[in-house]
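The values are calculated or read from the model by the stated rules, or taken from the named source; none is laboratory data. These numbers were taken from a predicted model, which means no experiment stands behind them. Glycine also receives a Cβ, built like all others from the backbone with ideal geometry; neighbour counts cover every protein chain displayed.
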Amino acid sequence: MAAVAEENETETKIESACYYKAIIIGAGIAGISAAHHLVKNGETDFKILEARNRIGGRIVSIPLGEDQVDLGASWIHGVLGNPIYELAVSNRLINLTNDQDPHAVVATTEEGKRVPISVVEEVYNAYFWFSKRCEEYFLLHLQTPPQIDSVGKHLEMDIAAYLQQYEGDDVVMRRKVFDHLLSRETCITGCHSMDETSLSEFGSYTELPGGNVRIPGGFSLVIDLLADILPKECIRLQCEVKHIKWKMKKQNESSKESNPSCDGAASNQIVIECNDGTKWHAKHVIVTLPLGVLKAKAEELFEPKLPEYKIECLENLSFGVVNKIYLEYDRPFLNAEISEVITLWARTEETDMSKIWFRKIYSFRRYTENILLAWISGHEAEFLETLSEEQVATTCTDILRKFLNDPYVPKPCKVVCTSWKSHPFSRGSYTYIGVKGSQRDIDLLATPIYADPYHSKPALMFAGEATHSSFYSTTHGAFLSGKKCAELLLEPDSDSNHKHEKNQQCTTDKDMSSWIRGIDLS
Ligand SMILES: Cc1cc2nc3c(=O)[nH]c(=O)nc-3n(C[C@H](O)[C@H](O)[C@H](O)COP(=O)(O)OP(=O)(O)OC[C@H]3O[C@@H](n4cnc5c(N)ncnc54)[C@H](O)[C@@H]3O)c2cc1C
C-alpha cells in the first residue's frame, strides 16, 4: 500500500472537487469489506478516506524478531459460518492440518508454588458452566435475579456457592483460579471488570463453533487479500474526516452552470471536510468509525447533529480497553512443553495503580518459540500505556522470576506494548454491552439515516464491529457489516417516491449471521 501513500502527495486539488456516489470513512476491515463488495460487483464510484497512513485499522501485523505479531486482532473466532475463516482457508492463509498447538499450562502463585492442574481443570469446568448460565438470560428471555444486573455479580454468586464445599487452603487456591478466569474474561469481553458487563445481554454475542484459529503470517494478510482487487486510487490515506455535512441544500441550476464540471453536484448532497483541507462530495456515506471515535467526536463530526436516538445508543454502548504485551527473547527459556504460565495472584487492598497494574496479567502465553504474549484489560491496560518498554520489561521479568521460582529467567531483548486507548483513531479496543446498554442499542447504531424520507437510499450508513448485533467486537462482525452496507448501495434504485419507514435497517439479511441466529433460536 506504499504506492497509495505516495499517490496522496501527488494528488491535486482537482480531486477535492470530485464527486462520488459513495464515500467510505475508515479503511479498517469494515470499510475495506464494503469497498471489496462494491468493486466485486462492478461499482468503483467511491472513495475511502482513512486517517492513518495505513489500511487495516485495528488489524495490524508487525515483524518482531523472525515472526509476525498482531497488535490488534489475531484470532479468527469460530470456523462454521465465519466468512473470515472461509477467506483464509480458500487463500491458504491457514494450515488446516497443523493449526492446533498442543496446550500445556503451568499454574503458579506469587510464591512460586505450583497449583495442581487437576484443580485448575476443575475450576475451569465449573466456571464454564457459570458463564453459560449468564448467557441463558438473554437466550431464553429470562428475568435476571433482583439486584443482579452484571455478569460479575452473577458469577460471584455462583463462585461463592461453589467454594462453600471447601475449606482453608483449598478455598484460597480455587479463589485464585477463579480470579485468573475473571481477568481473562475481561480481556475477552473488553471491559475493566465483569461487574460492568450486562447480565441480561451477555448471551447476545454469538460464538461460532470450531474454536479460535490464528493466521501464522499475521491477520493483516486478510486485509491485503480484500484490498487486492481495489483500484489503488480509491483509497486516500492520512485524510482525517473532520465534518460530515449530510443534509446540504440542493444546488440550483445557476450554480451548476457556473461550474460545468460539477454535473453530479445536485444529487451529491453530502459534503465531507478533512483535516488536509480537502472536500469530498457524495450521495451516500458509509461511516465505519470505531465506537470510541464516535463517542468522542460524533457531536462535532455531523452537521446536522445525529438524531437523539443515535446519541443515546452511543452513550449506552461501552468501548473497552484491552492491550497486548509482547516479550521477545534472544532464546527460548520456558520448558519446551509449556505453552502458558498462568499467574495466580492473591487479592490485595493496595489501590496505587503503579503498584498493582501488573496484577491484571493473568498469564504469559507462548506466541512463538522466542515470544511470550500477555493480555491486560481496563484501567490497568490504560496505565500500561503510560509506561516505558524498559519499565514493562523489568516488571514482567520480576513476575516471571517470582512465579516460576527461577531467578535466571532472562530479560526480554524487546518489548512491544499496544496503546489502543490513546490512539486518536481507535480510542479503545472493542465494543461490549455494559449494564446500561442492550443489543437494541447496536441495532439502532447500525440504522441508516435518510436525508429525505423520499430518497430510496440512505445518506448515512453505519458499519464496523460495533454495529453487528451478534458478532460485535470481532473482525467477522465488522466484515459482514461493511458488506451489508455495500449490498444496500448496490440494490437498484427504487422509485424515488417510495417512502421509507423510520429506522429501516441497513440489512438484506443475506449474510450468515441471520442463518446462525436462526440455528440458535431453533
Ligand atoms: C487488542 C485487540 C485484539 C483483538 N483481537 C481480535 C481477535 O483475535 N479476533 C477478532 O475477530 N477481533 C479482534 N479484535 C477486534 C477487531 O480488531 C475489530 O473488531 C475489527 O478490526 C474492527 O474493524 P472496523 O473496521 O470496525 O474498525 P477499525 O479497524 O477501527 O477501522 C476504522 C478505521 O477508521 C479510521 N478512522 C478513525 N477516525 C477517522 C477519521 N476521523 N477519519 C478517517 N478515518 C478515521 C481508523 O484509522 C480505522 O482505520 C481485537 C481488537 C484489539 C484492539
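Does Ile59 satisfy the condition of being modelled with pLDDT of 95 or more and touching a His at 6+ places or on another chain (Cβ under 7 Å)? Taking the combined requirement at face value, the residue does not satisfy it. Could you tell me whether Glu308 is more than 10 Å from the ligand (Cβ to nearest atom), surrounded by fewer than 17 Cβ atoms within 10 Å (Cβ to Cβ) and closer than 21 Å to Ser377 by Cα? Against the criterion (more than 10 Å from the ligand (Cβ to nearest atom), surrounded by fewer than 17 Cβ atoms within 10 Å (Cβ to Cβ) and closer than 21 Å to Ser377 by Cα), Glu308 does not qualify. The single condition among (1) in contact with a Lys or Arg (Cβ under 8 Å, 6 or more places away or on another chain); (2) surrounded by 20 or more Cβ atoms within 10 Å (Cβ to Cβ) that Glu491 does not meet is (2).
Please indicate, with yes or no, whether at least one residue in the stretch 114-126 is in a helix (DSSP H, G or I) and under 30 Å from Ser438 (Cβ atoms). Checked the stretch 114-126: at least one residue is in a helix (DSSP H, G or I) and under 30 Å from Ser438 (Cβ atoms). Residues in the stretch 414-451 that are part of a strand (DSSP E or B) and either modelled with pLDDT under 95 or within 22 Å of Ala30 (Cα to Cα) (or both) were compared, and the one that is farthest from the ligand (Cβ to nearest atom) is Ile449.
Only one of the numbered conditions (1) assigned to a helix (DSSP H, G or I); (2) closer than 30 Å to Leu237 by Cα is not met by Ile94, and that is (1). The C-beta contact set for the stretch 111-130 (first residue free of Cβ contacts under 8 Å to residues at least 40 places away in the same chain, second residue charged (D, E, K, R) and in a helix (DSSP H, G or I), distance under 7 angstrom, 6+ apart or interchain) comprises Phe130/Asp158. Just to be sure I understand the filter: pairs with C-beta atoms under 8 Å, separated by 6 or more residues or on different chains, first member in the stretch 440-451 and polar (S, T, N, Q), second member in a loop (DSSP other than H, G, I, E, B). Which pairs pass? That search, which allows pairs on different chains as well, returns Thr447/Asn503; Thr447/Gln504; Thr447/Gln505; Thr447/Cys506. Taking the stated definitions as given, is Gly26 in contact (Cβ under 8 Å) with a residue 40 or more places away in the chain, small (Gly, Ala, Ser), near the ligand (Cβ under 7 Å from one of its atoms) and in contact with a strand residue (DSSP E or B) (Cβ under 8 Å, 6 or more places away or on another chain)? When the stated conditions are applied, Gly26 passes them. Being modelled with pLDDT of 95 or more, surrounded by fewer than 18 Cβ atoms within 10 Å (Cβ to Cβ), more than 10 Å from the ligand (Cβ to nearest atom) and assigned to a loop (DSSP other than H, G, I, E, B) is not true of Lys510.
Looking only at the stretch 99-157, residues that are basic (Lys, Arg) and over 17 Å from Leu344 (Cα atoms) come to 3 in all.
Summed over the stretch 325-356, residues that are in a strand (DSSP E or B) and surrounded by fewer than 16 Cβ atoms within 10 Å (Cβ to Cβ) total 0. Only residues that are near the ligand (Cβ under 6 Å from one of its atoms) and not in a strand (DSSP E or B) were counted across the stretch 49-79, and they come to 9.
For His154, state whether it is away from the ligand (no atom under 16 Å from the Cβ) and touching a residue at least 24 places away in the same chain (Cβ under 8 Å). Spelling it out, His154 is indeed away from the ligand (no atom under 16 Å from the Cβ) and touching a residue at least 24 places away in the same chain (Cβ under 8 Å). Of the residues in the stretch 405-420, at least one is crowded, with 20+ Cβ neighbours inside 10 Å, closer than 20 Å to Phe333 by Cβ, over 22 Å from the mean Cα position of the chain (by Cα) and not β-branched (Val, Ile, Thr). Checking the stated criteria, Ile84 turns out to be in a helix (DSSP H, G or I) and either of a type outside the set (A, V, I, L, M) or at pLDDT 95 or above (or both).
Scanning the stretch 223-242 for residues that are within 10 Å of the ligand (Cβ to nearest atom) and of a type in the set (A, V, I, L, M, F, W, C) gives Ile223, Leu237, Cys239, Val241. Being touching a Gly at 6+ places or on another chain (Cβ under 6 Å), farther than 30 Å from Thr109 by Cα and crowded, with 20+ Cβ neighbours inside 10 Å, is that true of even one residue in the stretch 297-305? Within the stretch 297-305, not a single residue is touching a Gly at 6+ places or on another chain (Cβ under 6 Å), farther than 30 Å from Thr109 by Cα and crowded, with 20+ Cβ neighbours inside 10 Å. Pairing residues of the stretch 282-299 that are farther than 17 Å from Arg58 by Cα and of a type in the set (A, V, I, L, M, F, W, C) with residues that are more than 8 Å from the ligand (Cβ to nearest atom) and part of a helix (DSSP H, G or I), at Cβ distances under 8 Å and at least 6 apart in sequence or on separate chains, gives Ile286/Ala34; Ile286/Cys485; Ile286/Ala486; Ile286/Leu489; Ala298/Lys310; Ala298/Ile311; Ala298/Leu314.
Evaluating Gly482 against the criteria (1) surrounded by fewer than 19 Cβ atoms within 10 Å (Cβ to Cβ); (2) not in a loop (DSSP other than H, G, I, E, B) leaves one unmet condition, (1).
Of all residues in the stretch 161-183, those that are under 22 Å from Lys360 (Cα atoms) have Cβ atoms under 6 Å from Cβ atoms of residues that are in a helix (DSSP H, G or I) and of a type in the set (Phe, Trp, Tyr), 6 or more apart or on another chain, in Leu181/Tyr127. Can you say whether Asp101 is modelled with pLDDT under 95, of a type outside the set (Phe, Trp, Tyr) and within 16 Å of the ligand (Cβ to nearest atom), as far as the supplied structure shows? In short, yes.
Within the stretch 188-224, the residues that satisfy the criterion of being surrounded by fewer than 23 Cβ atoms within 10 Å (Cβ to Cβ), within 19 Å of Tyr124 (Cα to Cα) and either without any contact (Cβ under 8 Å) to a residue 40 or more places away in the chain or within 16 Å of the chain's Cα centre (by Cα) (or both) are Ile188, Glu207, Asn212. Taking the stretch 239-277 as the range and being modelled with pLDDT of 95 or more and either in contact with a helix residue (DSSP H, G or I) (Cβ under 6 Å, 6 or more places away or on another chain) or of a type in the set (Lys, Arg) (or both) as the test, the residues that pass are Lys242, Ile244, Lys245.
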